[in-house]
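Take a look at the structure set out below.
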Amino acid sequence: MHDVVAGLTVPSGIPQSAATVLHTTRELLRHSYFCYEFSTVALLHALIAMEIVLRAKIPDSGTKPLNTLIRQGNESGLLTERQTEFLHDGRKLRNRIAHGQRAHSVMPPHWGAGMLTTSFALISEVWAAQPTPLATTGTDEGTGI
């Protein structure tokens, strides 16, 4: 498992709280060899790190729910459609587990490793991305001049 997690690198410059969560994510995956449920918990922790990164990248994010942050990230161009879809899927899984609609899934470590490789790549992509500035028309919207 040491070789499996070796490729999961924490992006430089991300908020310390996100980096700490990602380190925990790696350790959960490492220990999923002994407890398969840890793969699912690791994936949920990666989503926590993603939320921290979104809050750091989206102005005035405050305490908005993750659903809103994902939507704002997509609307601003920070997130691609593929990234938005992936994050909504993760959010839905997290909500089903958190609200008792689904028990923890048992996930073999190699499945978890694949999903976490995608998660780490997504976090790196979003951290490096710049939102698209809102288009301006060159006129005052109130007067049309």
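Each reported figure results from applying straightforward, stated rules to the coordinates on display, with no laboratory input. Quantities reported herein were computed from a predicted structural model and do not represent experimental measurements. Neighbour counts run over all protein chains shown; Cβ positions are idealised from the backbone, glycine included.
Mind listing the long-range amide H neighbours of residue 77? Cut-off is under 5 Å, sequence gap 5 or more, other chains count too, H placed in the peptide plane at 1.01 Å from N.
Amide H neighbours of residue 77: 132.
How tilted is helix 37-57 with respect to the longest principal axis of the chain? Cα atoms for both, answer in degrees (0 to 90, nearest 10).
20
Can you give me the distance in nm between label points at residue 1 and residue 75, each placed 7 Å from the Cα along the Cα-to-Cβ direction?
Taking the simple label geometry, residue 1 and residue 75 are separated by 4.2 nm.
Determine the relative contact order of region 2-127: mean sequence separation of Cα pairs under 8 Å and six or more apart, normalised by residue count, in whole percent.
Here the relative contact order equals 36 percent.
Just order 57-65, 121-129 by mean Cβ neighbour count inside 10 Å, highest at the front, would you?
121-129, 57-65
Give the angle, between 0 and 90 degrees and rounded to the nearest 10, that separates the Cα long axis of helix 16-31 from the longest principal axis of the Cα atoms of the chain.
30
Between (1) 45, 44, 28; (2) 69, 49, 27; (3) 67, 35, 24, which entry matches Cα extents along the principal axes in Å as derived from the coordinates of this structure?
Comparing each candidate, only (3) matches the computed number.
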